[in-house]
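In what follows, a structure is listed as structure tokens, so that the remarks can point back to it.
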Amino acid sequence: MCRLAWIVALVFLLAFGGMFYKFVLSGDVVTTRDGRKALQLSPGERALVLAEMRQFLAAVQGIVKAVNERDLKAAARTARAVGQASVKTVPASLMGKLPLSFKRLGLATHQAFDRLALDAEQLGDPEHSLGQLATLMQHCVGCHAVYRIDAPAAP
Ligand code: HEC
């Protein structure tokens, strides 16, 4: 009896460990010929991630323009629009497919936009904001170097 209980516990532990690895750490990725890891997403999930990406790009453009015009209030507004509060609830199915490091990089990017917004409001220093943007964009470059998205052709 006691041995059976141990075996059952072990099986549960392994299953739990496997699920934890799959859904929290590794995500659903395939290493591709160009050396990047391809997230395996459905067409809808891919569209969701890419739409967020285009918002990032628009925000970067808006911030550069606002800082150039010395309008740091506008820079703050633009940055905050892609801050953490902007993150829509991501479906659990998509969360499970994203590797932990991808999620962390994404979160760090949203947080960095919030930081930029706060400093732009409080310091009003264009040089400082531009420096923050340059640092923040290392997240964009870093993530794009490692990941891409594969999805079956949309119907
Ligand atoms: C956590 C990872 C990650 C971060 C951080 C990230 N991206 Fe992306 N981005 C991706 C992936 C993956 C793709 C899809 C690339 C592919 O399939 O070749 C992508 C695609 C894009 C696209 C193409 C969108 C489209 O419609 O095709 C743009 C534009 C973009 N990113 C801009 C940005 C900008 C600007 C930032 C930083 C402010 C950024 N991204 C930060 C992962 C990231």
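Data overview
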| quantity | calculated |
| --- | --- |
| Between 0 and 90°, nearest 10: helix 2-20 axis offset from the chain longest Cα axis | 30 |
| Inter-probe distance in nm under a simple model that places probes 7 Å from Cα toward Cβ, at residue 145 and residue 13 | 3.9 |
| Between 0 and 90°, nearest 10: helix 126-146 axis offset from the chain longest Cα axis | 30 |
| Normalised per residue, the volume of the convex hull around the Cα set of the chain (Å³) | 156 |
| Restricting segment 1-98 to GluC sites (Glu not before Pro) in coil, as DSSP defines it, with at most 12 other Cβ within 10 Å | 69 |
| Nearest-ten-degree value, helix 43-68 long axis tilted from longest Cα axis of the chain | 30 |
| Fully extended contour minus Cα-Cα distance, from residue 47 to residue 137, at 0.36 nm per residue | 30.2 nm |
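Quick note: the coordinates plus some simple rules give every number you see, no bench work behind them. Please read all numbers here as calculations on a predicted model, not as lab measurements. Heads up, the Cβs are rebuilt from the backbone with ideal geometry, glycines too, and the neighbour counts pull from every protein chain shown.
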